[in-house]
Structure formats: structure tokens, C-alpha cells
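Read the structure below first, then the notes.
Any read-out appearing in this document is the output of simple, stated calculations on the displayed coordinates, not a laboratory observation. Predicted model, so just to flag it, every value in this text is computed and none were measured. As a convention, Cβ positions derive from the backbone with ideal geometry for all residues, glycine included, and neighbour counts pool all protein chains shown.
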Amino acid sequence: MERLAVTDGRPVAGEVSGADDTAVTLVTHRKVAAHDVEAFEGWVEQSGRSLAGTPGYLGSTVITPTDARGDWTLVQRFTDAASARAWLDGPARRSLYAQIADVQVLDEEVTLFREDPTHGDEVSVLISSTVPAALEQDYLAWQKRISDTEAQFRGFRGHRIQRPVPGVQDEWVVILTFDSADNLAVWIDSPERKRLLREGERFNADLAVATSSFGFDFWTPRGETARESVMKNNLLVLAALYPIVFGWGYFVSTPLFDGPHAIPFWLSLFVGNFVSTQLLGWFVMPRVFKMFAWWLKPKPGWRAQLLGFGILIVVYGASMALYAWLLSLAA
């Protein structure tokens with residue numbers, strides 16, 4: 001299945017390859033604030049009637065929210081991608097969405113599906129930032145300019161915005177998808193993106209970029225080069241992992257697992273590694289990488305480079321000295 005995502009109720013242009021006469025399905029997921037559900041429900045019924053007579057329209061289905069799934073799902077079928085795009089880009093849809101401009105949308109995704117066995121392996125990047133409430137509309141307009149520009153790049157698959165969720169997620173999150181890591185890198189390093197970032201500097205104070213390309217890199221901003229990024233990532237992981245491992249062994253494993261109720265070494269080793277990786281993945285490394293964002297950013301300068309390596313050397317030395325001292329107490 002080929003996937004084209006659109007955000008904030010507005011389509012982003014993009015190439016849909018394959019035969020133009022293939023039937024497509026337009027699926028819209030929208031999560032609405034509780035106090036706007038009644039207004040949105042009435043709008044959904046009206047939107048279905050408004051599609052009648054639209055060229056290429058085959059029919060639609062509405063799936064209401066449930067306790068397990070809190071979003072509305074609108075399934076609309078068209079004879080071909082051109083008809084679906086004409087509806088997405090047309091004035092009738094813009095007028096329809098203008099009627100619910102005051103409805104608070106917590107999350108939305110529009111996806112165009114079509115059978116296509118030639119799709120490639122997609123790669124996504126998560127971009128999080130803190131946006132003051134007074135600047136939300138400016139931020140959304142800026143993101144629209146970004147998504148329009150991204151759509152002009154080869155391999156673009158989607159640009160989705162997730163609003164903050166009170167008590168769960170404080171940041172705005174953008175999910176950017178390309179069909180390959182190479183095409184994503186072209187966009188990330190492009191002068192067009194750098195220009196747009198300069199335009200939106202007021203939204204970039206806490207900007208964080210994470211990718212799922214390999215290793216621990218999904219926690220970190222994109223580095224100057226892949227080799228440099230991996231090296232720095234691994235050094236930071238080591239700085240965090242060593243204290244966790246010896247802390248677990250000294251304070252937990254030795255007193256609990258090596259005494260009268262000893263468990264097999266292979267099991268003790270597995271438990272220790274399980275605890276260490278969970279602590280790293282969920283709690284420690286996201287904070288460590290955020291603390292060292294100034295060192296991980298592209299071309300940090302030679303002073304910043306030396307300072308980063310110097311801090312790590314001090315951390316390594318202090319960790320080993322502390323462990324040696326703790327072992328001397330137990331001797």
C-alpha cells in the first residue's frame with residue numbers, strides 16, 4: 001500500500017506513483033476535544049452529504065470513537081487518485097473545513113491508500129518543539145510552508161503534526177516520512193530547509209530531532225556525518241551505561257542474587273542487562289542526549305568538541321574511581 005499523509009486538515013502535494021485509474025481510499029483520522037464532539041458529529045453527517053455528486057466519488061463510511069480508540073475515522077472511496085486529489089485540493093473541501101475552524105483538534109491524519117507493490121522502505125523522523133500558546137497559529141502556518149516545500153523533494157511520503165497532550169506530552173511533535181534514508185538526508189541537508197528553519201527561529205528554542213535509522217541515533221539530532229554521530233552517541237551511551245551496570249551489580253545483584261538464595265549467573269546476567277537497557281532507553285539516554293545537544297549538533301566548533309570530549313573523560317575517570325573505592329570498602 002502506498003501512503004500519503006497530510007496534516008492539520010490540509011493536503012500536502014506529493015507524487016503518487018502507479019496507474020492513475022486505480023481506485024483509492026482516503027482515510028481521515030481525527031481526534032476532537034471532548035467539549036467539541038457534538039459539534040463535530042453534526043459536521044461529519046453534513047460532510048458526507050456534501051460529497052454526493054463529486055466526480056469520482058464512490059461512497060464513504062464513518063467509524064465513531066470507542067473506549068479503545070478515541071478518534072473519528074472517515075473512509076472515503078474514489079475511482080482514482082486524481083479524483084481524490086481534486087477533492088482534497090478543491091474549494092468545496094476548504095469551505096467544509098472552514099465550518100469547524102473553532103473545533104479543537106487534538107490530532108489529525110489524512111492518508112491516501114492504493115495498492116502498489118513497488119513501495120520502498122520508509123524512514124521517519126520525529127521533530128519536537130515547545131510552542132507558546134499565543135504562537136500556535138503562526139507555528140501551524142510555518143509548518144504548512146515546510147510541508148509544501150518537503151513535498152517537492154524526491155521520496156516524500158508525509159508530514160504529520162501531533163499537538164501537545166496535557167499531562168502526557170508538552171511538546172508539539174512533527175512526524176516526517178520519506179521513502180528512504182538517502183532521500184530524507186537530501187531534505188535534511190537542503191538549503192531550503194535551512195532557510196525555513198531560519199524563518200521559524202522563534203519556534204526552535206527547544207527543537208529536537210530524532211530518527212530511527214540505526215543504533216541509539218533515534219534519540220539524537222542529526223549529526224555532521226553518520227560516523228561522527230555514531231561515535232559520539234556510543235561514547236555517551238558508555239558514560240551512562242557503566243555507572244548503571246556497576247550500580248546494579250554492587251547494590252542489587254551482589255546482595256540479592258549472590259547470597260544464600262543465589263540464582264544462576266546466566267539468569268542474573270540477563271536480569272541485569274534487561275534492567276540496564278530499559279533504564280537507558282526510557283529514562284537516562286533521552287536526558288543525556290538533550291544535555292549534550294550542543295555537542296551533537298552539526299559543526300559545533302573545536303572548543304565545543306574539546307569540551308565535550310573533556311567532560312566525558314572526567315565522567316569516565318570519576319565513574320571508575322568511585323567503583324574502585326566501593327570495591328575497596330567491601331574487601
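A compact table of results
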{"read-out": "The range 277-290 - phi-based ³J(HN,Hα) in whole Hz, Karplus 6.51/-1.76/1.60, Gly and Pro as x", "value": "5, 5, 4, 5, x, 9, 10, 7, 5, x, 6, 5, 5, 5"}
{"read-out": "Computed FRET value (nearest 0.05) for E45 with Q104, which takes r as the C-beta separation and R₀ as 30 Å", "value": "0.95"}
{"read-out": "Extended-chain gain in nm, criterion 0.36 nm per residue less alpha-carbon gap, V75 and I263", "value": "62.2 nm"}
{"read-out": "Net length gained if the chain between W282 and I63 were fully extended (0.36 nm per residue, minus Cα distance)", "value": "75.4 nm"}
{"read-out": "Length gained when the stretch L256-L306 is fully extended (0.36 nm per residue, less Cα-Cα span)", "value": "13.9 nm"}
{"read-out": "Computed E for A82/A185 - FRET, C-beta separation, R0 30 angstrom, nearest 0.05", "value": "0.45"}
{"read-out": "Base-10 log of normalised Debye intensity for the range 265-331 (one unit scatterer per alpha-carbon) at q = 0.20 Å⁻¹", "value": "-0.99"}
{"read-out": "5 angstrom amide H check on V32, placed H, neighbours 5+ away", "value": "W72, L106"}
{"read-out": "Estimated FRET transfer efficiency when R0 is 25 angstrom, pair R198-A293 (beta carbons, to 0.05)", "value": "0.85"}
